[in-house]
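The block underneath contains the structure these notes are about, expressed in structure tokens.
The values are calculated or read from the model by the stated rules, or taken from the named source; none is laboratory data. None of the values given here were measured: they were computed from a predicted structure. Note that we place each Cβ from the backbone using ideal geometry, even for glycine, and neighbour counts take in every protein chain shown.
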4 protein chains.
Amino acid sequence: MSSIWGKCIKISVFGESHGTAIGVVIDGLPPGIQLDKEEIQKEMDRRKPGLDTYSTPRKEGDMVDIVSGFFNGHTTGTPLCGIIRNIDKRSKDYDELKDIMRPGHADFAGRLRYNGYNDYRGGGHFSGRLTAPIVFAGAIATQYLRQQGITIGTHLLQVGRIEDTRVDLVNIQKEQLTNFRNMRFPVIDPKAAENMKMEIDNARMDQNSVGGMLETAIINLPAGLGSPMFESVESRLSAFVFSIPGVKGIDFGTGFGFASMCGSEGNDGFKALPLEGAPPNPMPNSTKTKDLESCPLLHTNHSGGINGGITNGMPVVFRTVFRPTPSIGRPQQALDMKTMKAKKYCIHGRHDPCIALRAVPVLDAAAALVVLDLVMKAKGHSRE
Amino acid sequence: MSSIWGKCIKISVFGESHGTAIGVVIDGLPPGIQLDKEEIQKEMDRRKPGLDTYSTPRKEGDMVDIVSGFFNGHTTGTPLCGIIRNIDKRSKDYDELKDIMRPGHADFAGRLRYNGYNDYRGGGHFSGRLTAPIVFAGAIATQYLRQQGITIGTHLLQVGRIEDTRVDLVNIQKEQLTNFRNMRFPVIDPKAAENMKMEIDNARMDQNSVGGMLETAIINLPAGLGSPMFESVESRLSAFVFSIPGVKGIDFGTGFGFASMCGSEGNDGFKALPLEGAPPNPMPNSTKTKDLESCPLLHTNHSGGINGGITNGMPVVFRTVFRPTPSIGRPQQALDMKTMKAKKYCIHGRHDPCIALRAVPVLDAAAALVVLDLVMKAKGHSRE
Amino acid sequence: MSSIWGKCIKISVFGESHGTAIGVVIDGLPPGIQLDKEEIQKEMDRRKPGLDTYSTPRKEGDMVDIVSGFFNGHTTGTPLCGIIRNIDKRSKDYDELKDIMRPGHADFAGRLRYNGYNDYRGGGHFSGRLTAPIVFAGAIATQYLRQQGITIGTHLLQVGRIEDTRVDLVNIQKEQLTNFRNMRFPVIDPKAAENMKMEIDNARMDQNSVGGMLETAIINLPAGLGSPMFESVESRLSAFVFSIPGVKGIDFGTGFGFASMCGSEGNDGFKALPLEGAPPNPMPNSTKTKDLESCPLLHTNHSGGINGGITNGMPVVFRTVFRPTPSIGRPQQALDMKTMKAKKYCIHGRHDPCIALRAVPVLDAAAALVVLDLVMKAKGHSRE
Amino acid sequence: MSSIWGKCIKISVFGESHGTAIGVVIDGLPPGIQLDKEEIQKEMDRRKPGLDTYSTPRKEGDMVDIVSGFFNGHTTGTPLCGIIRNIDKRSKDYDELKDIMRPGHADFAGRLRYNGYNDYRGGGHFSGRLTAPIVFAGAIATQYLRQQGITIGTHLLQVGRIEDTRVDLVNIQKEQLTNFRNMRFPVIDPKAAENMKMEIDNARMDQNSVGGMLETAIINLPAGLGSPMFESVESRLSAFVFSIPGVKGIDFGTGFGFASMCGSEGNDGFKALPLEGAPPNPMPNSTKTKDLESCPLLHTNHSGGINGGITNGMPVVFRTVFRPTPSIGRPQQALDMKTMKAKKYCIHGRHDPCIALRAVPVLDAAAALVVLDLVMKAKGHSRE
């Protein structure tokens, strides 16, 4: 369904930007995950608006209230529901929007989809605010995956015309990914951060916004996850990622670079397996050892860790592109549903000049949820 | 599940490259679709190998035998199963591959996934041959969609270093898309075709292969299809498209170009609605009229026809990138599972130097199946 | 997933008996259903405990807070979340139960399923209290179905040794079903009510409990809903009904009575169709007319309104059996997980002597949700 | 979808009674199951018609051709498709049925469901013949479950007025279940078999048919399978069982007998656990030992091995009721769609006087598929 996702675990996201509350039910979580609530809140804070001038000054105060599925410090295995109250909503800002369809927004498509009954205030269920429950669910998945030795991290690869360095597809260190999670502007090249900030500042001062690109890496994934065809790891990841408002493209490994490549270049050649003579194993512990991290199986990783839809033990790396925030102060060509005519319109209210920046923890969460689902499919629910 | 896809209609694909047969069960088709079997076969032939020197000389003879769900010239509404016998298989070519993991292929990942029990001959269930049943299912969907006025077409946007012109995102004519389906080298710029052929010829003579990019357009889609979040049209299309062997990236509308754009540029401004005063309607017939085709709702179409995951009545346009065929004659660094050591290996057998070319009808089929599913979700099964 | 149900609409139920809150997310509701909140609360009250001596004296105060998916008096079509706070919980009553597995309860099976991490207080997620969110979701479905002319009602067919009259399988009047909803002891034969009350009183005074049977009828269902095989109406209804704690059997129409019947008796013979010459139609309006109610299509209705898994336009009627409440005051043979030995144990706390009685509105809700899902599958989401 | 079932494994059934072929795709099977094809055929033969006078004299010759997913004697883990050609069809017998809706059959409901496009010959996709692919899929599941020590068996509990003894809910021996599979008339009381045969003979000679009831038992199931609410073991089993044509009721353990029971009687008291001090375990090997079979955990088994939707380690036992075959030679009140009037009609052709008898292996198959799905959910696909 529209706002329910998953196979072995399922999440059901609810809420509107200006309603009473938003939240998520997570069904099928493994029982016995010890949850560090502070760490969950830290993830929520990474997405939270209003931290500095690079994002919207609204204060959403994303405190999550866990009302079920959590007992004596651990997940119970039954549905876990987290609720976030909407407190700093200024619905008045949106009153005039009832019949004004903003360009680049879901207003028009949504109105047709829901026969005009959808909550239009602040985008309603289409709002980027709905990524908060996803970050919450992802934070729980992340704590489980850490016990399995799996690490995920995302950096800003591009903001407007400014590009960061790509990660090393073959050799990604855990420290790098952990650092990304602790940086306000997660980039590899510190200079890029400065220029990106300037790019965003300029857009804001110009009553405009700017697009961007993120790069996400997942390391220490066991080989053998996923399936051919419709449950390919790429299918699972892309389906989730395109649920995040503003995403318009995704590619894996060398991705769009493959178009102009030849096979002799793009095929990743094998090294020897680190443990010679080891029997092939769908979830070899060896892929989780420190040794393997510094001794990858393949010379290159154009495939981005996935062949035939299945993980091959190399880092899974993908890029996601975000459109510039559609909400800008400049006059734009909107549609007035009362007159059915185009109308010049300036969007007021407070908005992020670059949604890609705030989407960093959302990508981490999306990746964690997909990986958790794949791991549970392989391992079942009866083992921790 | 791995090889089952869909919500309102479902397809279940089976078979291995060198097994007895491959095929597909299509469940949930609307009853009463009048099927033109010749036209279905024509679609199969577009994908069929061995037509000329640009693709593999194997003769797969993709004749589909419909064994159920078809009665008196129409679909019955109960499961329709199409079976394709494997006739020109030379399994001997693959005998030595049992323990040789080829670079760029799913051999290694698949062996771990299936504990070594998967059929390794010709890639088994991972083979590109499994796209034949998808083309068959898509051909049926296409015949249904045509009655709804919806047209789909795909052209080669890039082969190696050669690029074709992009479609006009705002104004795509039905004739153009229909033409793509009748061309052996579907391109907009005839010169590009010549150069692409040369690029492929060079790769083949060089015992190499070359990557490529496709662009697919869907026109006359009613506005209001799809849903926010996990059933976004982008999520549905990308999940299917990444099931096609060799796809490593997808983007919609302006896609990756959004990264360096600003909002004032990327937001698609509204024109007046063609029928003034018309009540908003989730499936307005007006969007199917000739008038609307030449009188689109928006000035630009950077969004690729989708906002908030929902169609907005403009053409849906997306690009798909294909890696170069991993099977090449040159010596490569394979893995020998018996010794667990890397081993120089040359792939024999007959292979396409550019899978992107043969993937054109597969993309058309994928798009048709996704759109049919979205239309059925909106309209239900009780009306034709 | 365990607590997520549905195809076209989905409900995701969360909460534990003694946690902070319980609730439900309903995804995929048609937009624009005008909700009468008082009527919803009335349904909640039918299930609410503590109304009289025939049910548990706990006061659960089942006030539902709708936090999303509801705007300007109508459903929006985006996920609707209803939350019920747990207020009158006495968790102390359950402290000693941590390691005591009660007979007839899910304690032991649940402990193994969740590795001992589940919330054991009051049965946790296994509690009958989790039917409150189902009643809420069903009340919304019921308001939608009423607009379609579909009516549902349930009566107590048996309590202990006392039996009520069965409904007339062929001729069920709307008034009868509406009356069931307004009765505290919904029965056809008033005498049965008196005897049932006595049966329950006796059980309670005896520190015991008693089983029961319900009969549910759905009238004015359009013919042609459901599908053969795995989406048979019986499959859909039974799968939901067996999710209700305490249900151990279900049958349709003549049900178990068929075992000793012969075909000439059990086949329902046709009358003439009321509108002669009318073309067959998957959702004939004629089946909704008053005329048809008094002029059913078949002479008898042993099939309970379903043939080949599909509605035939006759009333759908099914019976559900409930085990006696496992919680009784008498000493029972429990299991002590600390010693792994059996142990005499008396259950304290407040419990219903007959859960079948309180399950009446739950059955109405279950039926309403299944029927809504079937209707949406047939009609799609784009029409009201 | 209508003819697709499953969570971890999925089966997709296709075909019509008088079409070219029927069959099934099984997706998600564990790789490496060694298949004994003779044993599979033996299961097919149990269901096959024409063995003696108690069933229809048609010869369906149910030879299954496995065309995928099977390699070197083992399942590959990729979709396994089995196809059964329809050879002894006499479609002429059904020509006059095009517009005649037979009582007790799905003709009328199906015609409305599929707008008149469904294949009406021999019931088309509604035919009992479609249980053949289910028996095939179940036979594969059975071979996997045997390795896990799980045994399933079904006997005729009732045919017309003749009843067999019930199984001992607490103490069911493996031998008894295995014997059921080798008997043409699987009953416990040999006298019952004789009387049942007479009952069927009488019905046939009388141009009539007779109903029946089956009882199915599953032993050595690990405790902890299933989930509360919508994935209760009862929900999963009943949803599948109601897909079998002719089933109109199901109950578990004491089932409908619970209605007149009190709690002190119906709660199953605990014995000591056989291995004292053993830690609770979701899939304890101890439940698979011979010891446990003769030393069950509970004194009684009214719950039929399931509490709160989850297995408790006791035998799972359920009863299924079948209506009498609707096809009988006697004149009946059919509906003529051309005149929209009722019409006396005698069904010709060859039919089983008691479908319950031939349904025995179908119930075994249904149970095996559901159990396999539950086991895979608990254990994942990465282990055998």
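Taken together, the criteria exclude D:Gly19 from residues that are part of a loop (DSSP other than H, G, I, E, B), at the interface with another protein chain (Cβ under 7 Å from one of its Cβ atoms), at positive phi and not hydroxyl-bearing (Ser, Thr, Tyr).
Taken together, C:Gly110, C:Gly149 contain a single residue that is in contact with a helix residue (DSSP H, G or I) (Cβ under 7 Å, 6 or more places away or on another chain) and closer than 20 Å to C:Asp373 by Cβ, which is C:Gly149.
Residues that are modelled with pLDDT of 95 or more, hydroxyl-bearing (Ser, Thr, Tyr) and not in a strand (DSSP E or B) do not occur anywhere in region C:42-65. Scanning region A:340-357 turns up one or more residues that are under 12 Å from the mean Cα position of the chain (by Cα) and either more than 11 Å from chain B (Cβ to nearest Cβ) or surrounded by fewer than 19 Cβ atoms within 10 Å (Cβ to Cβ) (or both). For region A:225-259, filtering for residues that are closer than 26 Å to B:Asn301 by Cα and assigned to a loop (DSSP other than H, G, I, E, B) leaves 5.
Output the residues belonging to region B:157-190 that are in a loop (DSSP other than H, G, I, E, B), among the polar types (S, T, N, Q) and either in contact with a Cys (Cβ under 8 Å, 6 or more places away or on another chain) or under 20 Å from B:Gly255 (Cα atoms) (or both). Matches in region B:157-190: B:Thr165, B:Asn171. Within the set A:Gly212, A:Gly263, the sole residue that is facing chain B (nearest Cβ under 8 Å) and over 30 Å from A:Ile4 (Cβ atoms) turns out to be A:Gly263. Of the residues making up region B:332-384, those that are polar (S, T, N, Q) and touching a strand residue (DSSP E or B) at 6+ places or on another chain (Cβ under 8 Å) number 2. Yes or no: C:Phe180 hydrophobic (A, V, I, L, M, F, W, C) and more than 10 Å from chain D (Cβ to nearest Cβ)? Yes: the conditions hold for C:Phe180.
Looking for something at negative phi, at pLDDT below 95 and among the β-branched types (Val, Ile, Thr) - is there at least one such residue anywhere in region D:125-145? No - not one qualifying residue is present in region D:125-145.
Applying the condition of being touching a residue at least 40 places away in the same chain (Cβ under 8 Å), assigned to a helix (DSSP H, G or I) and acidic (Asp, Glu) to region D:191-224 and asking which residue is surrounded by the most Cβ atoms within 10 Å (Cβ to Cβ) yields D:Glu199. Go through region A:103-119 and give me each residue that's more than 18 Å from B:Val316 (Cα to Cα) and either within 24 Å of the chain's Cα centre (by Cα) or facing chain B (nearest Cβ under 7 Å) (or both). The answer is A:Arg111, A:Asn115, A:Gly116.
Screening region B:330-351 for residues that are in a loop (DSSP other than H, G, I, E, B) and either in contact (Cβ under 8 Å) with a residue 12 or more places away in the chain or in contact with a Pro (Cβ under 6 Å, 6 or more places away or on another chain) (or both) and picking the one that is farthest from B:Arg121 (Cα to Cα) gives B:Arg330. Restricting attention to region C:140-159, the residues that are closer than 15 Å to C:Ala359 by Cβ and among the small types (Gly, Ala, Ser) total 1. So which residues in region B:134-165 are among the charged types (D, E, K, R) and within 14 Å of chain A (Cβ to nearest Cβ), if there are any at all? Within region B:134-165, B:Arg161, B:Glu163, B:Asp164 meet the criteria. Residues in region B:70-83 that are more than 7 Å from chain D (Cβ to nearest Cβ) and free of Cβ contacts under 8 Å to residues at least 60 places away in the same chain: B:Phe70, B:Asn72, B:Gly73, B:Gly82.
Does region B:215-240 hold any residues that are within 8 Å of another protein chain (Cβ to nearest Cβ) and within 27 Å of B:Pro353 (Cα to Cα), and which are they? Selection gives B:Ser238, B:Ala239, B:Phe240. Considering only residues in region D:313-328 that are assigned to a loop (DSSP other than H, G, I, E, B) and within 16 Å of D:Gly149 (Cα to Cα), the one that is nearest to the other protein chains (Cβ to nearest Cβ) turns out to be D:Gly313.
Please find, among D:Thr287, D:Thr300, D:Thr311, the residue that is surrounded by 23 or more Cβ atoms within 10 Å (Cβ to Cβ), at pLDDT 95 or above, on the phi < 0 side of the Ramachandran plot and of a type in the set (S, T, N, Q). After applying the criteria, what remains is D:Thr311. Applying a threshold of 6 Å to beta carbon distances and a minimum spacing of six or more residues, or different chains, the list of pairs starting in region D:22-38 at a residue that is farther than 18 Å from A:Phe230 by Cα and ending at one that is hydrophobic (A, V, I, L, M, F, W, C) reads D:Ile22/D:Ile84; D:Gly23/D:Phe14; D:Gly23/D:Ile83; D:Gly23/D:Ile84; D:Val24/D:Ile11; D:Val24/D:Val13; D:Val24/D:Ala137.
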